[in-house]
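The values are calculated or read from the model by the stated rules, or taken from the named source; none is laboratory data. Since the model is a prediction, treat every value here as computed from it, not as a measurement. Virtual Cβ from ideal backbone geometry, glycine too; neighbours counted across all protein chains shown.
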Amino acid sequence: MEKMLSFLGRETELGDLEQPVDVYLLAEEQVVETCGLGIDDVYACAFVAEPNPVVVTSYLPTEHELVHAYLSLKQDEPKTRYAFLEEGLASVYGRDGSSSAPTTSLEEGLPFDRSLPLDQYPRAAHFMNFVIDEFGPAAAARVVLASSEVRDMDALNSTFIETLGTSINALAELYEQESVSCTSAGWQRGYDCGAPAEEWHLSGTLQLDIGRECRSPTVLGSSDGPAFERFTLEFPEATTVSIRMDTPVEEHHATIRLTKCGTCDDEFSFVYDLSRGPLFELQLDPGKYVLRTLYSSGQSEPGVLVIRQQ
Ligand SMILES: [Zn+2]
């Protein structure tokens, strides 16, 4: 839980906490009573209290609620923030939350300014993952913190324009297209493209363990569900690559996305679902690329991704 908080502080550029959060581990009935939300399926909650913010939980580790407490401490005056955005961010970084795939639409979830119904959480997390992808975690956290007075879609729209420079409609449209194209802000290009590239084996292969670090605080996504990991690859010359999973595919279903570093002039983005079998002979121009894996085994079993250059 502490590692997650320091990862959150680094990624959002909001830094470490200056005061502790008190975490109480209680029996489920006591949690329901203490959280006082009037519903039975409450397993943890966070609230502002003196002298320290409090997280009450019936399970450990409980990272999701810590994200709420963290955000409260990063505001001058703790106020409730826009539910759809905050629950999304808390679900992305606090990996003990729901791991199921979204079953509701963005249009349905976005109007929830306070208390988000549980079935909307996966969509909120998916959307905030997209915002992080597009604008970076610091900007994603800024928009959540800026949303505390927001109670309707008009005000939400103004907050997006002020914080991210885009209207919520334009962003929703981009999201629906699941665009990773050059028209998007492409935070990964700046951040991951600056990172050192993975080292290739002399035989021209590269073996990446994916999902191994599912419980590591540097993986985005739920610890028992989909996890995103990012790797930086570099090819000094034009090449042809084949990519396969070295573990039983039925159990792992990794999806990969390869995006070229650089400007819109050499735009390249490629998505492939390895549950369809190995990917053969993808031709690549020289340069740096960001490989993102979406790994949804639902297990703690890691997968091995093998990339071979011809
Ligand atoms: Zn929450």
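Values computed for the structure shown
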| quantity | calculated |
| --- | --- |
| Within the stretch 22-35, tally of residues that are in a loop (DSSP other than H, G, I, E, B) and either surrounded by 10 or more Cβ atoms within 10 Å (Cβ to Cβ) or within 16 Å of the ligand (Cβ to nearest atom) (or both) | 1 |
| The stretch 169-205: number of residues that are within 21 Å of the chain's Cα centre (by Cα), at pLDDT 80 or above and of a type in the set (Ser, Thr, Tyr) | 1 |
| Close pairs from the stretch 114-125: first under 14 Å from HIS68 (Cα atoms), partner more than 11 Å from the ligand (Cβ to nearest atom) and outside any helix (DSSP H, G or I), Cβ under 7 Å, at least 6 apart | ARG114/THR80 |
| Subset tally (residues that are part of a loop (DSSP other than H, G, I, E, B) and β-branched (Val, Ile, Thr)) for the stretch 142-180 | 3 |
| One residue from ALA139, ALA124 being part of a helix (DSSP H, G or I), closer than 20 Å to LEU5 by Cβ, touching a helix residue (DSSP H, G or I) at 6+ places or on another chain (Cβ under 7 Å) and not hydroxyl-bearing (Ser, Thr, Tyr) | ALA139 |
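Let's see how each residue does on (1) of a type in the set (Gly, Ala, Ser); (2) exposed (fewer than 15 other Cβ atoms within 10 Å of the Cβ); (3) farther than 21 Å from VAL144 by Cα; (4) in contact with a Leu (Cβ under 9 Å, 6 or more places away or on another chain):
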| site | (1), (2), (3), (4) |
| --- | --- |
| LEU5 | no, no, no, yes |
| LEU17 | no, no, no, yes |
| LEU37 | no, yes, yes, no |
| CYS45 | no, no, no, yes |
| PRO53 | no, no, no, yes |
| TYR59 | no, yes, yes, yes |
| HIS64 | no, no, no, no |
| VAL67 | no, no, no, yes |
| ASP76 | no, yes, no, no |
